[in-house]
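Notes to accompany the following structure.
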Amino acid sequence: MPRLKGAAPDGPPDALELASLSFQERLAIGLDRLKSTRGLTNKELGEQLGVSEAYMSHVTRGMRDVKLTTLDKMTRIWDVTIEELFTVTDEDLARIAEKKARRKNRKSTKPSS
């Protein structure tokens, strides 16, 4: 999931780039929004679904596909629609850009060993 994880441009993606997001990437963004708004961790999401924290970590980073049954379970347990999980908003992009900036800042301020 290089557009969200790696060396992407500093600004938010443009409309063309946004349209090219895969379903995995869109779900990762939707789950990030869910985690942010509800103050949940991957561990808590995994416990609610009956899956491991490692599995949720891969899904929330867009590195793993989910089964339709798991997607259905997400919508029922978290009381959200599939559209909500796959919709990417300007607020989502701003939140992700802010997280990237914080991570970049932390890496640049770590003392060298």
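The values are calculated or read from the model by the stated rules, or taken from the named source; none is laboratory data. Only a predicted model underlies this, so the values are computations on that prediction, with no experimental measurement involved. Heads up, the Cβs are rebuilt from the backbone with ideal geometry, glycines too, and the neighbour counts pull from every protein chain shown. Surface areas here come from the heavy atoms of the whole protein model, side chains and all, with no ligands, DNA or RNA. Shrake-Rupley method; radii C 1.70, N 1.55, O 1.52, S 1.80 Å.
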Filtered residue count, segment 20-44, keeping only those that are under 13 Å from the mean Cα position of the chain (by Cα), open to solvent by less than 70 Å² (accessible area, probe 1.4 Å) and within 20 Å of Glu91 (Cβ to Cβ): 14
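Between Arg102, Arg95, which is part of a helix (DSSP H, G or I) and over 14 Å from the mean Cα position of the chain (by Cα)? Write out each step before concluding.
Numbers: Arg95 fails: over 14 Å from the mean Cα position of the chain (by Cα).
The unique qualifying residue is Arg102.
Can you tell me how many residues in segment 19-34 are of a type in the set (A, V, I, L, M), over 13 Å from Lys99 (Cβ atoms) and touching a residue at least 40 places away in the same chain (Cβ under 8 Å)?
Within segment 19-34, the subset of a type in the set (A, V, I, L, M) is 19, 21, 27-29, 31, 34.
This time we only want the ones that are over 13 Å from Lys99 (Cβ atoms), so: 19, 21, 27, 31, 34.
With the extra rule that they be touching a residue at least 40 places away in the same chain (Cβ under 8 Å), the set shrinks to 21, 27, 31, 34.
The number of residues fulfilling the criteria is 4.
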Selection count, segment 54-73, where residues are among the charged types (D, E, K, R) and free of Cβ contacts under 8 Å to residues at least 12 places away in the same chain: 2
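Go over the candidates Leu85, Leu68 one by one and state the one that is under 19 Å from Phe23 (Cα atoms) and out of contact with any helix residue (DSSP H, G or I) (no Cβ under 8 Å at 6 or more places or on another chain).
Exactly one of Leu85, Leu68 is under 19 Å from Phe23 (Cα atoms) and out of contact with any helix residue (DSSP H, G or I) (no Cβ under 8 Å at 6 or more places or on another chain), namely Leu68.
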Members of segment 74-83 found to be surrounded by 14 or more Cβ atoms within 10 Å (Cβ to Cβ) and in contact (Cβ under 8 Å) with a residue 12 or more places away in the chain, listed by number: Met74, Trp78, Val80
Can you list residue pairs whose Cβ atoms sit under 6 Å apart, with the first residue in segment 85-111 being closer than 16 Å to Thr37 by Cα and the second being surrounded by fewer than 15 Cβ atoms within 10 Å (Cβ to Cβ)? Count only pairs 6 or more apart in sequence or on different chains. Leu93/Pro12
Filtered residues of segment 56-73 (kept if open to solvent by less than 60 Å² (accessible area, probe 1.4 Å), under 21 Å from Ile96 (Cα atoms) and of a type outside the set (A, V, I, L, M)): Ser57, Thr60, Gly62
